[in-house]
Amino acid sequence: MDFNEIPYDWLEPATFLEIRPNYASMGVLPYPTQALIAGQKLASGTIAAGQIVEITNADEAIALFGLGSIGAEAVKAYRYANKTTPLFVIGAADAAGAVKASGTITFAGAVPSATVLRFKIGGQAIRITAKPTDTPTILAAALVAAIAADTDNVVTAAAAAGVVTCTARNGGEVGNGIDLRVDIDAQPVPNGLTITVVAMANGAGNPDIQPVLDALANTWFTDVMHPWNDVTNLTIFAEWLRVRYVATAKLDVHGFIAMRGTYGQLSTFGMLTNSPYLSAMGLKNSPTSPWVLAASVMGIATFQLTNDPARQLRSLLVPGVEAPRAADQFTEEEQNLLLNKGISTFDHLPDGSTMISRLITTYKMSNLGVADRAWLDIMTPKTLSRIRYDWSGYMALQYPRSKLVDDESEAAFASRFDSDEDAGSAVVTPRRVHASWGGRCRLYGEKVWIEDVNRTVKESVFQRSTDDKNRLESRQQVRIVGNLMVLAGSLEFQV
């Protein structure tokens, strides 16, 4: 037998028992989910470049990113959806020379009688009281004061001659995603008064995401969200996700990104990447900013997929995300087409709330350009990550210092056990590790992460390398469990 603490040549009468765990019957290892938000900061934010900070309370992000920053708003959205999963943040300042997006709200006409005018600026409800004596100039000034009073809003405002100009606090294209609107669903505009909105636009120069990603280095994060959906940053992000997932890295991470846009704009957005490790999403004319959507969805995903990585997220409420008006909601046919273009989809309830319909990745085709749905749903990479993490951890615990011999070698029997069952030993063989794999697969099957366990174990192969006696090679098969996505049937009546 082999011992770690007892000398093999001890002669003095004694009784020694070393204490050590046996991991043969160990359950699935806990998965250390850690989310990270890369947020855009204001000059008032205290977080330093490259600094990674853990956030336990959303209010902490205000000091780090600055009041009214995109970063603080994204953290608030995540923590609204998920209060328990560890969350870290890293910041990026506005790029040098960045142009801030702006939009206008213009008043004209007269107020027939005293009323309340309601607006939404970046998804935040703003209201003013209008009186018959108020001119457009007075109304514009009142709206500016109301926006200024909402100190955590992502825009600032100024008025001149009845025109309110809203300017994003952060610079870059990212500000073009901020919604401006008159909330006519809550309060119609009275006859005689007109309010014209020009959408936020002309923002340019997002921060460069590369220094942010470089700062993460080999730090373990399972989910990362950022607000910059321009082509350059999206391409860099997708490649970073790919590199983290390769076998030699084992730093599995999933990315979340969103934009607001029409069907055509979102179709183009979804086709920019072909990544099994990135979920892209968007809504048309939702009052909610896209980074709030992405952060809230990541909050849901990190909680639910840690509990069960193989279970779909359909029907789960996305807190803090307001539905577009009915006319702006995508039809079922449009949603189906968006799914084929790599865009996750959402459903909406009459009360204005938003639910996940299908959360997918942007993967659509193989490297040879062949249409492929192998990595379509987010559950696929998430389940495989869990299995890989558990198997790697199990092998490290169960066989940390084992010698490797062939199955038929006499040394294969020089152990504390006389069978090829998953028992653990200082000597392992391909057959014994195969048995260990079978034991882990039974656990995965009991959790309904995989199905057809006997078949997948039988089809898995373990063999000792012919070129390196210290190397055990394997081809391990799993069949990830399915989810009820579509019910197709016929309802037939008899005549």
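What the table below lists for this structure:
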| quantity | calculated |
| --- | --- |
| Degrees, to the nearest 10: 231-245 long Cα axis against longest axis of the chain | 20 |
| Rel. contact order, % - alpha carbon contacts under 8 angstrom, at least six apart, the range 253-337 | 32 |
| Amide H within-cut-off set for Leu313, under 5 Å, with H built and near neighbours excluded | Leu359 |
| Mean-position separation - Cα centroids, the range 354-391 and the range 62-126, in angstrom | 32 |
| Length added when fully stretched, Leu11-Ala247, from 0.36 nm per residue minus Cα-Cα | 80.2 nm |
| Nearby lysines by direct alpha-carbon distance to Lys364 (threshold 16 angstrom, same-chain neighbours under 8 apart not counted) | Lys341 |
| The range 102-201, dipole about Cα centre (Lys/Arg Cβ +1, Asp/Glu Cβ -1), debye to the nearest 20 | 160 |
| Structure-based [θ]222 nm, the chain - -39500 (n - 2.57) summed over DSSP H runs of at least 4, per residue, nearest 500 | -8500 deg cm²/dmol |
| In sequence order, calculated HN-Hα J values of the range 446-460 (Karplus, 6.51, -1.76, 1.60; Hz; x Gly/Pro) | 5, 7, 6, 8, 10, 9, 6, 4, 4, 5, 5, 5, 5, 7, 6 |
| Selected from Pro190, Thr133, Leu117, residue furthest toward positive end of dipole (the range 102-201; charges at beta carbon) | Thr133 |
| Computed lengthening from Ala95 to Val448, 0.36 nm per intervening residue step minus Cα-Cα distance | 122.4 nm |
| Nearest-ten-degree value, helix 290-307 long axis tilted from longest Cα axis of the chain | 30 |
| When the convex hull of its Cα atoms is projected in every direction, mean area for the range 102-201 (nm²) | 5.6 |
| Charged-residue dipole, Cβ positions (Lys, Arg, Asp, Glu), the chain about Cα centre, Debye nearest 20 | 880 |
| Degrees between helix 136-149 axis and first principal axis of the chain (Cα, 0 to 90, nearest 10) | 30 |
| Charge-dipole axis of the chain as Lys and Arg at +1 and Asp and Glu at -1 on Cβ define it, positive-most pick from Leu64, Gln398, Ala24 | Leu64 |
| Residues Ala186 and Arg479, FRET efficiency given R0 of 41 Å [Cβ-Cβ distance, rounded to 0.05] | 0.25 |
| Label zone at Arg325 (point 7 Å along Cα-to-Cβ), backbone N below 17 Å, the range 161-201 | 179-200 |
| Residue-span extension gain [Ala114 to Lys83] - 0.36 nm each, minus C-alpha spacing | 6.9 nm |
| Rotationally averaged projected area of the chain (alpha carbon convex hull; nm²) | 34.4 |
| Förster radius 22 Å - calculated FRET efficiency between Thr219 and Ala374 (Cβ-Cβ, nearest 0.05) | 0.15 |
| Estimated dipole of the range 17-133 in Debye, rounded to 20 [Cβ of Lys and Arg +1, of Asp and Glu -1, Cα centre] | 580 |
| FRET efficiency, 1/(1 + (r/R0)^6) with R0 41 Å, evaluated for Thr194 and Leu317 via beta carbons | 0.70 |
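Taken together, the values in this text are just the output of simple stated rules run on the coordinates, not laboratory data. Please read these numbers as outputs of a predicted model, since none were measured by experiment. A quick note on method: Cβ atoms are made from the backbone with ideal geometry, for glycine too, and the neighbour counts reach across all protein chains shown.
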